[in-house]
1. I need a count of the residues in region 24-46 that are surrounded by 17 or more Cβ atoms within 10 Å (Cβ to Cβ) and within 14 Å of ligand 2 (Cβ to nearest atom).
2. Given the conditions (1) surrounded by fewer than 13 Cβ atoms within 10 Å (Cβ to Cβ); (2) touching a strand residue (DSSP E or B) at 6+ places or on another chain (Cβ under 6 Å); (3) of a type outside the set (Ser, Thr, Tyr), which single one is not true for residue 93?
3. What strands (runs of 3 or more DSSP E) completely inside region 1-107 contain at least 3 residues that are among the basic types (Lys, Arg) and either within 12 Å of ligand 1 (Cβ to nearest atom) or in contact (Cβ under 8 Å) with a residue 24 or more places away in the chain (or both)?
4. Among the numbered criteria (1) more than 21 Å from residue 15 (Cβ to Cβ); (2) in contact with a Leu (Cβ under 9 Å, 6 or more places away or on another chain), which single criterion is violated by residue 66?
5. Would you mention how many residues in region 91-144 are within 16 Å of ligand 2 (Cβ to nearest atom), of a type in the set (Val, Ile, Thr) and farther than 19 Å from residue 252 by Cα?
6. Please determine whether any residue of region 165-179 is of a type outside the set (A, V, I, L, M), within 16 Å of ligand 2 (Cβ to nearest atom), in contact (Cβ under 8 Å) with a residue 12 or more places away in the chain and touching a Lys or Arg at 6+ places or on another chain (Cβ under 7 Å).
7. Let me spell it out: the conditions are (1) over 20 Å from the mean Cα position of the chain (by Cα); (2) crowded, with 18+ Cβ neighbours inside 10 Å, and residue 68 meets all of them except one. Which number is the exception?
8. Against the conditions (1) crowded, with 19+ Cβ neighbours inside 10 Å; (2) within 13 Å of ligand 2 (Cβ to nearest atom), where does residue 12 fall short? Just the number, please.
Amino acid sequence: MRYCQIVMGPAGSGKSTYCAALATHAADAKRTINVVNLDPAAERYNYTPVADIRDLIQLEDVMEDEEMKFGPNGGLVFSMEFLLENTEWLQDALGEIEDDYILFDCPGQIELYTHMDVMRKFVDLLQEWNFRVCGVFLIDSHFMVDGGKFISGAMAALSVMVNLEVPHVNVLSKIDLLSVGGRKQLERFIEPDTHSLTSDLQGTSGILGERYGDLTCSLAKVLDDYSLVKFFPLDITNEENIQDLLIMIDTTVQYGEDLDVKTQDFEYPDREDDNDQ
Ligand SMILES: Nc1nc2c(ncn2[C@@H]2O[C@H](COP(=O)(O)OP(=O)(O)OP(=O)(O)O)[C@@H](O)[C@H]2O)c(=O)[nH]1
Ligand SMILES: [Mg+2]
């Protein structure tokens with residue numbers, strides 16, 4: 001078996017920083033977790049990737065192409081589709097290493113995961129290659145400050161879960177940047193009682209306000225009834241917190257269950273009293 005995380009989330013939510021932190025944390029624990037950069041526009045990241053999509057295709061080349069004339073968003077979708085047409089490149093770069101563990105650092109264009117099929121096809125491909133896949137969706141905790149924003153973030157997370165159909169973990173990023181007051185407020189959003197989060201929106205004045213408030217409350221009820229969306233708050237400066245998240249994801253992909261038990265020949269030392277007999 002092989003294992004991977006598809007690290008997704010809106011632009012700037014902390015995907016590349018998360019990948020770098022997790023790879024470093026694993027290395028400190030004498031465990032190998034490798035990162036693959038899948039963002040054709042990325043120019044900087046704080047890890048050494050085992051594979052980089054920019055070796056296959058670069059966003060600026062796509063955008064400069066006289067025939068295609070793509071803008072940045074269309075160019076990004078084209079690049080991901082190009083990757084799917086050239087999967088042997090990735091297969092060669094990854095090799096065929098049993099029990100390896102890869103983080104795929106994805107671009108920040110959210111529609112790639114919420115409703116387009118390119119990421120879904122990528123997941124299918126990884127599963128064909130014997131990977132157990134976990135989707136990890138990051139949202140900046142600074143956006144989780146009120147009920148309306150929370151529902152919007154939770155719906156985005158839910159669209160990704162529904163679209164990809166793989167085990168899934170939602171992460172609230174950048175907790176270290178929150179004030180003490182902000183952290184306290186966040187507790188409401190971790191295992192949320194969405195009804196209480198949105199009750200202040202119900203009956204908002206004006207026709208549009210009223211309908212918007214009612215819609216938000218109905219969406220909140222769906223999330224609540226089915227316990228669909230939960231978040232893991234991640235303080236990247238706290239090693240224990242990173243370890244807790246990794247254990248949770250390991251459990252989700254059943255990492256370690258199929259690992260060979262590493263044994264080593266062991267010779268019992270001669271005991272003196274054995275020799276005496
Ligand atoms: N303090 C702090 N800063 C963070 C954290 N995560 C990300 N950042 C900062 O937020 C900015 C964006 O982080 P990235 O890791 O590049 O985010 P990304 O999701 O990969 O961004 P795109 O690839 O452009 O979509 C950088 O300046 C990071 O240093 C975090 O947990 N704590
Ligand atoms: Mg990035």
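1. In the first step, residues of region 24-46 are kept if they are surrounded by 17 or more Cβ atoms within 10 Å (Cβ to Cβ); the result is 25-26, 33-42, 45.
Filter once more, keeping what is within 14 Å of ligand 2 (Cβ to nearest atom): 35-42, 45.
Of the residues in that region, 9 qualify.
2. Unmet for residue 93, out of (1) surrounded by fewer than 13 Cβ atoms within 10 Å (Cβ to Cβ); (2) touching a strand residue (DSSP E or B) at 6+ places or on another chain (Cβ under 6 Å); (3) of a type outside the set (Ser, Thr, Tyr): (1).
3. On the way: elements: 2-8, 34-37, 101-105.
Per the criteria, no element qualifies.
4. Against the list (1) more than 21 Å from residue 15 (Cβ to Cβ); (2) in contact with a Leu (Cβ under 9 Å, 6 or more places away or on another chain), residue 66 comes up short only on (2).
5. The number of residues fulfilling the criteria is 2.
6. Taking region 165-179 and keeping what is of a type outside the set (A, V, I, L, M), we get 165, 167-168, 170, 173-174, 176, 179.
Okay, now just the ones that are also within 16 Å of ligand 2 (Cβ to nearest atom), so 173-174.
If we keep only those that are in contact (Cβ under 8 Å) with a residue 12 or more places away in the chain too, we end up with 173-174.
Subset that is touching a Lys or Arg at 6+ places or on another chain (Cβ under 7 Å): none.
No: region 165-179 contains no residue that is of a type outside the set (A, V, I, L, M), within 16 Å of ligand 2 (Cβ to nearest atom), in contact (Cβ under 8 Å) with a residue 12 or more places away in the chain and touching a Lys or Arg at 6+ places or on another chain (Cβ under 7 Å).
7. Just one mismatch for residue 68, condition (2).
8. The number of the failed condition is (1).
Since every read-out is calculated from the coordinates, none of them should be taken as a lab result. As the structure is a prediction and not an experimental result, all values here were calculated from the model. All Cβ positions, glycine included, derive from the backbone under ideal geometry; neighbour counts span all protein chains shown.
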